[in-house]
Number of protein chains: 2
Amino acid sequence: MRIVKSIRKMQELSGAWRKAGRRIGFVPTMGALHNGHLSLLRRARRDNDRVVISVFVNPTQFGPGEDFNKYPRDLSGDAAFCRKAGADVVFYPGARQMYPSDYKTYVEVWDLSNVLCGNFRPGHFRGVATVLTKLFNIVQPDSAYFGQKDAQQAVIARRMARDLNMPLRIEVMPTVRDKDGLAMSSRNNYLSPQERKRALVLSLALKEAERLISRGRRYSSGIIADLKAFIRRTPGIRVQYLEIVDPDTLRPLVKIKDKVLVVLAVHIGKTRLIDNIVVKV
Amino acid sequence: MRIVKSIRKMQELSGAWRKAGRRIGFVPTMGALHNGHLSLLRRARRDNDRVVISVFVNPTQFGPGEDFNKYPRDLSGDAAFCRKAGADVVFYPGARQMYPSDYKTYVEVWDLSNVLCGNFRPGHFRGVATVLTKLFNIVQPDSAYFGQKDAQQAVIARRMARDLNMPLRIEVMPTVRDKDGLAMSSRNNYLSPQERKRALVLSLALKEAERLISRGRRYSSGIIADLKAFIRRTPGIRVQYLEIVDPDTLRPLVKIKDKVLVVLAVHIGKTRLIDNIVVKV
């Protein structure tokens, strides 16, 4: 396994692989790797000849006051993780190389970027779409792998790739959870033991949503009110948003039908966590 | 020579060429081809194994009230032109295929897009950057060829390709002029014989700029005033802008040094024409 820090070297390597007819699988990450990333790497390994994982804490997707500086960074731990998972290359570029001082170009997916998380993190998904476009142009993958945990990111990546005719497939893999149900996230590292316990209410609330819908509840407003009351029973949790939306357009649904995405974001102490579930009627 | 209308077919064709190690040269156009385009095609032919020219009047780069509907369209004439120039493929996609009804993704190059032409054509360069990104992802060229006549477009294409790490080279070829000096443009078709004569003042003003600078004039404001007075001697011309800017950043220069770009846009009757010259000190 190689660690490649130069954009040009990565691009040359990928170009050579493509000319040699190798299928390239790509897992874009911000590091602090966990079993969620592992499931992406395994799928990439299974379906491709070459597997590239990028580790880049992307400054343009953090807002002022967000956790850019304290976001967990551990290259040697991540590299060992990737080696074990069978990656061929860890792409680890520097921020100044990715965004030179006169950097000016941004990619935006309208409508999908200013709702849900985007409503509370202005510019976040512009940063995500921009860095993904850059990484795709550098790594030139046949397939790129995303986790369903970041549902909005996955929807935006898929729409962007389709709209801009990017010559690749976006694959979205199921959320990986701890045994007790907590969705894997690098930000779980921030939680105290007490907060870690309280965080279980996210997945429990989503299970409750599934239960309510399976019992025939069909109006989002009532379900959302019940779920918020359910969450309120746990102390120290602040709901940022909880919505029931169309899984492709992310538009709020008044009435449940076909397939819906139940999404929520909460603050536990200083930590912001998100989770979601797709429910089919 | 083939005419390819399907995005997927074009993408497959290019993918197969790249796998076979063929160098692809690409000339993006809106059709109504003239000798300016011919110089791009010839260079592309010289430097590549395969030459693709796109003919697509891109709706997202026209503003309300602009000439989208009357922009000259002549596929059979253009196809004959391309065949003679040795193109391998004319890529001719439909607008609905390029922009499906739920299209949402745009590429923007900040600062460079809202000055000069962009100041008078809001959204224009966002449309240009977006369609170029799409076309580059579809055609997957090694090199793409632009004319210096559209100087701002060339600067934006180059910056966008650099910023987004697109795996290709942007080549900018000199403006091709009629014998009398008028820069080749599809919009010259709109001019009446009288307007066609008046339009000579664009290139004459640029020559005058060159002369003034070669004589030692160094302050932009004085030169610009003299050039506007020079143009005013021709009746029926309205200057939209006339500026002396840095050729890379497009920022106005108070004082001339090194290398400057003199750019202007005028209206002659209902027709808007642009021209420019790079002057080295």
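Throughout, read-outs are computed from the coordinates displayed, never taken from laboratory work. The model shown is predicted, which means the values in this text are computed figures rather than measured ones. Positions of Cβ are generated from backbone atoms using ideal geometry, with glycine treated the same way; all protein chains shown enter the neighbour counts.
In which sequence would A:Lys280, B:Lys179 go, from the one with the fewest C-beta neighbours within 10 Å to the one with the most?
If I rank by nearby Cβ atoms, fewest first, I get B:Lys179, A:Lys280.
Let me confirm one metric for peptide A:155-165, namely the mean number of other chain beta-carbon atoms within 10 Å of its residues' beta-carbons.
5
Would you tally the net charge around B:Arg169, using a Cβ to Cβ cut-off of less than 11 Å, leaving B:Arg169 out, and scoring K and R as +1, D and E as -1?
0
Given the rotation relating B and A, tell me which residue in B puts its Cβ closest to the axis and the distance in Å.
For chain B, the closest residue to the axis carrying it onto A is B:Val107, 3.
In nm, one decimal, shortest first: how far is the label point of A:Arg233 (7 Å from Cα along Cα to beta carbon) from the matching points in the other copies?
List, nearest first: 8.9 nm.
Pick out, from B:Pro247, A:Val57, A:Tyr92, the residue whose Cα sits farthest towards the positive end of the charge dipole of the protein assembly as shown, with +1 on the Cβ of Lys and Arg and -1 on the Cβ of Asp and Glu.
Farthest towards the positive pole: A:Tyr92.
How about the range B:93-155: which chymotrypsin sites (Phe, Trp or Tyr not before Pro) there lie in a loop by DSSP and see at most 12 other Cβ atoms within 10 Å?
Passing both the DSSP loop test and the Cβ count: B:Trp110.
Taking every DSSP beta bridge that has both residues in chain A, what percent is antiparallel when rounded to the nearest 5?
Antiparallel bridges: around 50 percent, rounded to the nearest 5.
Pairs of lysine in the range A:1-114 with Cα under 28 Å and at least 8 positions apart or on different chains: total?
Summing the qualifying lysine pairs gives 10.
Considering only DSSP beta bridges where both residues belong to the protein assembly as shown, give the percentage that are antiparallel (nearest 5).
Expressed as a percentage, antiparallel bridges in the protein assembly as shown total about 55.
Taking the beta-carbon count within 10 Å as an exposure proxy, list A:Asp88, A:Asp49 from fewest neighbours to most.
The most exposed by this proxy come first: A:Asp49, A:Asp88.
Take every residue in peptide A:97-105, count the Cβ atoms of other chains within 10 Å of its Cβ, and give the average of those counts.
5
Residues with amide H under 5 Å of B:Phe91's amide H, sequence separation 5 or more or different chain, H placed in the peptide plane at 1.01 Å from N; which?
Hits under the 5 Å cutoff: B:Val4, B:Ile53, B:Ser54, B:Val55.
With no solvent and one point per C-alpha, what does the Debye sum give as log10 I(q)/I(0) for the protein assembly as shown at q = 0.08 Å⁻¹?
For the protein assembly as shown, the Cα-only Debye profile gives -0.63.
Peptides B:238-248, B:158-168: what's the order by average Cβ count within 10 Å, highest mean first?
Sorting B:238-248, B:158-168 by mean packing, highest first, produces B:158-168, B:238-248.
Which FRET efficiency, nearest 0.05, do B:Arg23 and A:Asp49 yield, Cβ-Cβ r, R0 25 Å?
So, using R0 = 25 Å, E works out to roughly 0.60.
Would you work out the charge dipole size for chain A about its Cα centre, treating the Cβ of every Lys and Arg as +1 and the Cβ of every Asp and Glu as -1, and quote it to the nearest 20 debye?
I would put it at about 460 debye.
Straight-line reach from A:Lys255: which lysines have a Cα under 20 Å away, not including same-chain ones fewer than 8 places off?
In chain and number order, the partners are A:Lys207, A:Lys228, A:Lys280.
Using a Förster distance of 41 angstrom, determine the FRET efficiency expected from the C-beta separation of A:Asn69 and A:Lys255, and round it to 0.05.
Efficiency for this residue pair is about 0.40.
Which whole number gives the average, over all residues in B:10-19, of C-beta atoms from other chains lying within 10 Å of the residue C-beta?
Counting other chains' Cβ atoms within 10 Å and averaging over B:10-19 gives 2.
Under 8 Å for C-alpha pairs, at least 6 residues apart: give me the relative contact order for chain A, rounded to a whole percent.
17 percent
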